[in-house]
Amino acid sequence: MTLDVARLDQGGRLDVARIKADFPILERQVHGGRLVYLDSANTSQKPRQVLDAMTRYYEQSNANVHRGTYLIAEEATAGLEGARAKVASFIGARSSREVIFTRNATESLNLVAKAWGRANLSAGDAVVLTELEHHANIVPWHQLVDEIGIELRWIPVTADGHLDLGDLDRLVDGAKVVSFAAMSNVLGTILPVERLVSAAHDAGAIAVVDASQYVPHLATDVQAWGADFVAFTGHKMCGPTGIGVLWGTEAILDATPPFLTGGEMILNVTKEGFTPNELPWKFEAGTPPIAEAIGLGAAVDYLESLGMDAVRAHEVALTSYALRTLTERFGDRLTIHGPSEPAERGGVMSLVFDDIHPHDLTQVFDQHGVCVRAGHHCAKPLMRTMGVAATARASLYVYNDEADIDALGDALDAASDFFAI
Ligand SMILES: Cc1ncc(COP(=O)(O)O)c(C=O)c1O
């Protein structure tokens, strides 16, 4: 891994001013002021390096992959497969064969539930989820409740935003699947992935990790986790929309039937039937998202150039600053859900301020150029556990700095003034 010293300061910390300059959108003015982007858990911004890689592909090498025998088709194929190799190395996969490109994390999790689940689960089989899952890791399993009659069990969440593992052994006993997020998209909680994977395997279940909020922010080693499947999404890690990843061990991918079917995913087709392609193409039906894969490869290069340890250290420091300064400024008027210890969480902060509705709050934020998402964040079961209908979620990434947190504080002040009238 080569560290980009130009974007690190002398102490090895991220040089955010340099990093901001890589993101063209951050030069935009909105409502007469600068754009303060605090919604990266929703989707991240894209650096020029990613945009350039995609434009270069379209301008220089646009052709379909795995088919052409001419130069630009070979370049397109090399771009796609080169991106796969970058992703494989970024997450510590054993080989590129384990890296399936999908449309997004939602499709990756559907692939697991629909292709592996339909082939391996029967009525009464238990799938264990946690209460903090994103709908992408709930609804596909709900469908199997309806279709097959599987049973869902839920690992509860404590009031301080951690998993309550007191009953873990009983919950996983006899289960076939344990599927959970590595980091909560609402609370920022980092889950004990290896412990949950071991509990799953000890019980004879497979372990599925939704790493959508984890891979963009912390160094990820799928082999150290030891899970069977890991899903994540390109657009939250400086990559484009339209590309996601499903990592799986070769053993489980080999044993899983294809999900979507048609061109590209076959070795042979006759009137009588078809023979699926080898990994990873067996799971990639139709023309793949070529430009998006190339963009994701460039995003991986970008994050590696910063160094994921520096990315994580930056987010811990900035989250500490946010928790401290916002609490100092607003005291009990502001609830920041999730673990109070920055080392136990990512830079995702779900805010509830006075009795102002989160949607009203974020509309005032917008007038100050501060982009924050309000709503249930596709985690309605968790919102019910938390006893709130919605929160305003501010989330951080490599291009945020203390001035952005101060701008959020100023926007909270403005909302306070506005709604006091
Ligand atoms: C934890 C988690 N899982 C899954 C997803 C779904 O990602 P995508 O919409 O890219 O499929 C998200 C996106 O918000 C997420 O935060």
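The table below gives the values:
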read-out: Number of positions in the range 94-105 that are part of a helix (DSSP H, G or I) and away from the ligand (no atom under 14 Å from the Cβ); value: 3
read-out: Whichever residue in the range 208-226 is within 16 Å of the ligand (Cβ to nearest atom) and aliphatic (A, V, I, L, M) and, among such residues, is nearest to TRP116 (Cα to Cα); value: VAL208
read-out: Complete set of residues in the range 227-265 that are farther than 13 Å from GLU98 by Cβ, out of contact with any Asp or Glu (no Cβ under 7 Å at 6 or more places or on another chain) and away from the ligand (no atom under 14 Å from the Cβ); value: ALA255, PRO257, PRO258, PHE259, LEU260, THR261, GLY262, GLY263
read-out: The range 9-42, residues that are assigned to a strand (DSSP E or B), under 25 Å from GLY188 (Cα atoms) and either of a type outside the set (Val, Ile, Thr) or at pLDDT below 95 (or both); value: LEU14, TYR37, ASP39
read-out: Test for THR43: is it under 17 Å from the mean Cα position of the chain (by Cα), of a type in the set (Ser, Thr, Tyr) and open to solvent by 30 Å² or more (accessible area, probe 1.4 Å); value: yes
read-out: Test: residue in the range 396-414 that is within 30 Å of LEU152 (Cα to Cα) and in contact (Cβ under 8 Å) with a residue 40 or more places away in the chain; value: no
read-out: Of all residues making up the range 137-153, the number that are within 16 Å of the ligand (Cβ to nearest atom) and touching a strand residue (DSSP E or B) at 6+ places or on another chain (Cβ under 7 Å); value: 3
read-out: Unique match (being open to solvent by less than 10 Å² (accessible area, probe 1.4 Å) and either farther than 25 Å from GLN60 by Cβ or under 20 Å from the mean Cα position of the chain (by Cα) (or both)) among LEU279, LEU260; value: LEU279
read-out: Meets criteria (in contact with a helix residue (DSSP H, G or I) (Cβ under 8 Å, 6 or more places away or on another chain), within 16 Å of the ligand (Cβ to nearest atom) and farther than 14 Å from LEU246 by Cα) for LEU129; value: yes
read-out: The range 342-357, residues that are of a type in the set (A, V, I, L, M, F, W, C) and over 13 Å from THR391 (Cβ atoms); value: ALA343
read-out: Filtered residues of the range 278-296 (kept if touching a Phe, Trp or Tyr at 6+ places or on another chain (Cβ under 9 Å), within 11 Å of THR261 (Cα to Cα) and assigned to a loop (DSSP other than H, G, I, E, B)); value: GLU284, ALA285
read-out: Cross-chain or 6+ apart pairs with Cβ under 6 Å, the range 371-382 first and touching a residue at least 60 places away in the same chain (Cβ under 8 Å), then hydrophobic (A, V, I, L, M, F, W, C) and within 11 Å of the ligand (Cβ to nearest atom); value: HIS377/VAL186; ALA379/VAL186; LEU382/LEU132; LEU382/VAL186
read-out: Pairs, first touching a residue at least 60 places away in the same chain (Cβ under 8 Å) and open to solvent by less than 30 Å² (accessible area, probe 1.4 Å) in the range 11-30, second part of a helix (DSSP H, G or I) and of a type in the set (S, T, N, Q), C-beta under 7 Å, six or more apart; value: ASP22/GLN49
read-out: Residue match in the range 268-275 (condition: of a type in the set (Lys, Arg) and surrounded by fewer than 22 Cβ atoms within 10 Å (Cβ to Cβ)); value: yes
read-out: Conditions (1) outside any helix (DSSP H, G or I); (2) within 30 Å of ASP404 (Cα to Cα); number of the one not met by ALA299; value: (1)
read-out: Filter result (in a helix (DSSP H, G or I) and open to solvent by 10 Å² or more (accessible area, probe 1.4 Å)) within the range 106-135; value: THR106, GLU107, ASN110, LYS114, TRP116, ARG118, ALA119, ASN120, HIS135
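The values are calculated or read from the model by the stated rules, or taken from the named source; none is laboratory data. All values reported here derive from a predicted model rather than from experimental measurement. As a convention, Cβ positions derive from the backbone with ideal geometry for all residues, glycine included, and neighbour counts pool all protein chains shown. What goes into the accessible areas is simple: the full protein's heavy atoms, side chains included, and nothing from ligands, DNA or RNA. Shrake-Rupley method; radii C 1.70, N 1.55, O 1.52, S 1.80 Å.
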